[in-house]
Amino acid sequence: MFKCLGLLAVVISLFFITNCSAVDVPDVNYGIICVPAANLRGAATHETELYDQEIMGYPVKLLQKQDNWYQVQMEYGYVGWMNEKSFVQVNAVQLIHWKNSPKVRVTKVFGFVYSKPDTSSQPVTNVVMNVLLKKGEKVNNKWLKVETPDGRAGFLQKQDCVDAVAKELSKEEMSKSIVETAKMMMGVPYLWGGKSSVSCDCSGLTSTVFRAHGIAIGRDSCKQATEGKAVDINDFTKVQPGDLIFFGKESISHVAISLGGKDFIHQSGCVHITSLDPNSPYYEESYGKKLKVIRRFF
């Protein structure tokens, strides 16, 4: 099931922020995630609810500190707590420098940055899809030198990344690429609040796949369902691969990526394919009863 942060929780968080002191060093108001996937929690402890995750190379705004935890705000507004080991602290100038530096984006579901251009060498860190790394010199046709946001240098296989600048694709190419990327995550396990290629919830899957194509969408299914353009839910001949299909009993609580027609890929227990077609081996009757809206984003 998909989560939507309650309005009350958001209001309380915002009130809390406006009535608390800034971080200890006023000039250092940002963090750049330096672990493969950083957890955003409801309180300053590992035992509390996982709200969300952010991927290495992306920024968060630092709001206040409690012990070795920071209350942070994500780029799309989520507020929660991250352990200080999850990010490197920077000021506004350093953040701009990071954003403007040449970077590569990891395209592999799971991989490694190695200490040498050799897969038998010691890893510097593991990486997941959409991780951003500073781009260094090309070693040879197989390896590229890279650097993490906290300055750790290593080597990444060129086949595992692309330049971070989004490549322009036609609608047909975009449809095909989104489906191919989603299928790369087949079997990935469910994690409430997860937003990475190794564990995710349903909107974590869609936001991860779309981020890989330079398309920014809301974090939750209920927010994603208000974006893009409406597609007629009564005529599946018009549904295209890459459209998002939304479900729910009363309100929207689940999202899937269309494979075209009545087939879709989604996260429910694990990433797998389901169909609304009674003649399909992937058919699940319950989804037809919960179909709400379909939206197109490109």
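Positive end of the dipole of the chain (Cβ unit charges, origin at the Cα centre): among THR274, TYR30, ALA212, the Cα lying farthest that way belongs to ALA212. Can you give me the accessible area per residue for the chain, using a 1.4 Å probe, in Å²? Result: 48 Å² of accessible area for each residue. Per-residue 3J(HN,Hα) values for the stretch 92-108, derived from phi via the Karplus relation 6.51 cos²θ - 1.76 cosθ + 1.60 with θ = phi - 60°, read 4, 5, 5, 5, 4, 4, 5, 5, 8, 6, x, 9, 10, 10, 6, 10, 7 Hz in sequence order (x marks Gly and Pro).
Looking at the stretch 197-277, the trypsin sites (Lys or Arg not before Pro) that sit in a DSSP loop and have at most 16 other Cβ atoms within 10 Å of their own Cβ are LYS249.
Treating each Cα of the stretch 170-285 as one equal point scatterer and applying the Debye formula with no solvent, the log10 of I(q)/I(0) at q = 0.16 Å⁻¹ comes out as -0.69. Figure note: LYS292, LYS195, LYS171 ranked by solvent-accessible area, largest first, 1.4 Å probe, ligands and nucleic acids not counted: LYS171, LYS292, LYS195. Here the stretch 231-296 has an Rg and Dmax of 10.7, 29 Å, counting Cα atoms alone.
Note on GLU172 and ILE233: the model spin-label points, each 7 Å out from Cα along the C-beta direction, lie 3.1 nm apart. Rounded to the nearest 10 degrees, what's the angle between the helix 7-18 long axis and the longest principal axis of the chain, both from Cα atoms, 0 to 90? Helix 7-18 sits roughly 20 degrees off the main axis of the chain. Built from the Cα atoms of the chain, the convex hull projects on average onto 16.8 nm², one quarter of its surface area. Per atom type, the stretch 227-280 shows carbon and sulfur on 47% of its accessible surface, probed at 1.4 Å. The angle between the Cα long axis of helix 171-184 and the main principal axis of the chain comes to about 70°, on a 0 to 90 degree scale. For SER253, the residues whose modelled amide H falls within less than 5 Å of its own, excluding neighbours fewer than 5 places apart on the same chain, are PHE247, GLY248. When the C-alpha to C-alpha distance is required to be over 26 Å, the pairs from LYS195/LYS238; LYS142/LYS195; LYS167/LYS249; LYS108/LYS134; LYS61/LYS138; LYS65/LYS135 that qualify are LYS195/LYS238; LYS142/LYS195; LYS167/LYS249; LYS61/LYS138; LYS65/LYS135. Longest stretch of the chain clear of exposed loop sites (GluC sites (Glu not before Pro), DSSP loop, at most 16 other Cβ atoms within 10 Å, sites excluded): 76-167. Approximating the spin labels as points 7 Å out from Cα along Cα→Cβ, the ALA92-to-MET184 distance works out to 3.6 nm.
The values are calculated or read from the model by the stated rules, or taken from the named source; none is laboratory data. Small disclaimer: the values here were computed from a predicted structure and weren't measured. Glycine also receives a Cβ, built like all others from the backbone with ideal geometry; neighbour counts cover every protein chain displayed. Each accessible area value is taken on the protein alone, full model and side chains, heavy atoms only, with ligands, DNA and RNA left out. Shrake-Rupley method; radii C 1.70, N 1.55, O 1.52, S 1.80 Å.
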